[in-house]
Amino acid sequence: MEQISKHVFVETDRRGCDHGFVLTSDGVVMIDSPQKPSDAVRWRTEIERYGSVRYIINTEPHGDHWAGNAFFDAPVIAHEGVRTRILETDLPQYVERVGQMGPEEPKLLEGYVPNAPALTFRDSMSLHVGNHTFRMMNMPGHTPFQAAVLIEPSRLHSPSAKVRSSVALRSATAMVGNSFLAMAAAPSGSA
Ligand SMILES: [Zn+2]
């Protein structure tokens, strides 16, 4: 796991997408989830050290971004096309495929029910959690339903107008395609 700014963590070393999470003042917001069930369980243990998961944002309809949602008790947000694709997935076939990823997987997949997005958008949506704002934007890439996520410290909590006016893009991590676009717009890298 890599810490790419004060509050943004990304895992780049697992099978599937590069998933991450943002530590807000009111809990954790995950961006995508691990595909392999045993990775999802380990990720859950890792995140629990930081706080409870409030929301999961999925950036793609492909299973390597959402399969692990099921291991977290949190509502999922995504483009409505992501929800449609998940609901149309041939689940027995998908579970069988994921079950072949390793010896620990089949047991973890017993009774598997996908945690499909409960909250969806078409063009854009903002989510406010604690001192962060997440702006999801439909940004078609290798599927029409990709989303980029802009992560901003909430302006309501900015200490002063001076700080607000000095907000600059200090850390912009673009991982479009296999991952999410996290642009932490922050004074002194505090996003
Ligand atoms: Zn994909």
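Structure data summary
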item: Neighbours by Cβ (under 6 Å, 6+ apart or cross-chain): first from segment 15-39, of a type in the set (D, E, K, R); second more than 14 Å from the ligand (Cβ to nearest atom); result: Arg15/Lys36; Asp18/Val10; Asp18/Thr12; Asp26/Val129; Asp26/Gly130; Lys36/Met101; Asp39/Arg14
item: Test result for Pro117, over 15 Å from the mean Cα position of the chain (by Cα) and either surrounded by fewer than 18 Cβ atoms within 10 Å (Cβ to Cβ) or not polar (S, T, N, Q) (or both); result: no
item: Segment 60-90: number of residues that are away from the ligand (no atom under 16 Å from the Cβ), within 20 Å of Trp43 (Cα to Cα) and touching a Lys or Arg at 6+ places or on another chain (Cβ under 8 Å); result: 3
item: Sole exception among (1) over 19 Å from Ala116 (Cα atoms); (2) away from the ligand (no atom under 16 Å from the Cβ) for Thr12, by number; result: (2)
item: Cβ-Cβ under 8 Å pairs, at least 6 apart or on other chains, segment 50-71 side without any contact (Cβ under 8 Å) to a residue 24 or more places away in the chain and crowded, with 24+ Cβ neighbours inside 10 Å, far side in a loop (DSSP other than H, G, I, E, B) and of a type in the set (Gly, Ala, Ser); result: none
item: Given (1) at pLDDT 95 or above; (2) surrounded by fewer than 15 Cβ atoms within 10 Å (Cβ to Cβ); (3) assigned to a loop (DSSP other than H, G, I, E, B), number of the condition Asp13 does not satisfy; result: (1)
item: Which numbered condition Ser165 fails, given (1) modelled with pLDDT of 50 or more; (2) surrounded by fewer than 19 Cβ atoms within 10 Å (Cβ to Cβ); result: (1)
item: Test for Ser38: is it more than 16 Å from the ligand (Cβ to nearest atom), over 18 Å from Ile151 (Cα atoms) and either among the basic types (Lys, Arg) or surrounded by fewer than 20 Cβ atoms within 10 Å (Cβ to Cβ) (or both); result: yes
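The values are calculated or read from the model by the stated rules, or taken from the named source; none is laboratory data. What you are looking at is a predicted structure, and each value in this text was computed from that prediction instead of being measured. Glycine also receives a Cβ, built like all others from the backbone with ideal geometry; neighbour counts cover every protein chain displayed.
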